[in-house]
Amino acid sequence: MGGPSLGVRGGASPLAGISTYTYNMDQPRMTTGDEAQRIPGYLLWQVSKLWQRRLNSALADLDLSSTQAVILMNVPRLNQERRAVTQSALAEATRIDRMTVSQSIRTLERKRLITRVPAPTDRRAYHVELTERGVAVASSALERISASHAAFFEPLESDLRLYVQLTQRLIQANVRYDSE
């Protein structure tokens, strides 16, 4: 197996000082420190975590996670598009896995932000509707997410269109892994 040696010398931990890995197209290897800040996947992971924290902080006093807010805000969007608002439609529209959508819908229902009503054409399916309180919370969540978006992406203002194009390309190239 001709990989790098991780042997212990002088009692030191074999992974001491190693923060992450990189793939240099020839051979995977462990890297340290500043090198990690040049690994695209590591940077994407950091940005994703920062974005989630920003959203969750903005939504905290609404008692919503970012996932719950996205689901809540997509109910009126699907209605505007004249689509049936079902759990399946919400999962598809938000690209959130069905189990997480199901759990979030139950949580939003307990919080009295949505109701589920039986679908007229399929007794197994339910349509999701916002309650009066849900409409107000969704509106507030949208305002907060919009403000968070503007602040978070402000450093990329002149390059935002390029960032969006590159991110869309990554999504399109990798979306097939979403269903695996």
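We did not get these values from a lab; they are worked out from the coordinates using the rules stated. The structure presented is a predicted model; accordingly, all values stated were derived computationally and were not measured. Virtual Cβ from ideal backbone geometry, glycine too; neighbours counted across all protein chains shown.
Summary of packing: across the peptides 150-161, 118-129, the per-residue average of other C-beta atoms within 10 Å ranks them, highest first, as 118-129, 150-161. By the gyration tensor of its Cα atoms, with a ≥ b ≥ c the square roots of the eigenvalues, what is the shape of the range 61-154: rounded for a/c under 1.5, prolate for a/b over b/c, or oblate? Here the range 61-154 falls in the prolate category.
Under 5 Å between amide hydrogens, built in the peptide plane, is the criterion, and for residue 114 it picks out 109, 131 among residues at least 5 positions away or on other chains.
Phi angles across the range 101-114 convert, under the Karplus curve 6.51 cos²θ - 1.76 cosθ + 1.60 with θ = phi - 60°, into 3J(HN,Hα) values of 4, 4, 5, 5, 4, 4, 5, 5, 5, 4, 7, 6, 9, 9 Hz, Gly and Pro given as x.
At R0 = 45 Å, how high is the FRET efficiency between residue 119 and residue 161 if r is their beta carbon distance? Nearest 0.05 is fine. Provide the component values of the computation, followed by the final result.
Working: r = 40 Å, r/R0 = 0.89.
Approximately 0.65, to the nearest 0.05.
The Cβ shell under 15 Å around residue 122 holds other residues with a net charge of +4, Lys and Arg each +1, Asp and Glu each -1. For residue 126, nonlocal amide neighbours, meaning residues 5 or more places apart or on other chains whose placed amide H falls under 5 Å from its own, are 87, 119.
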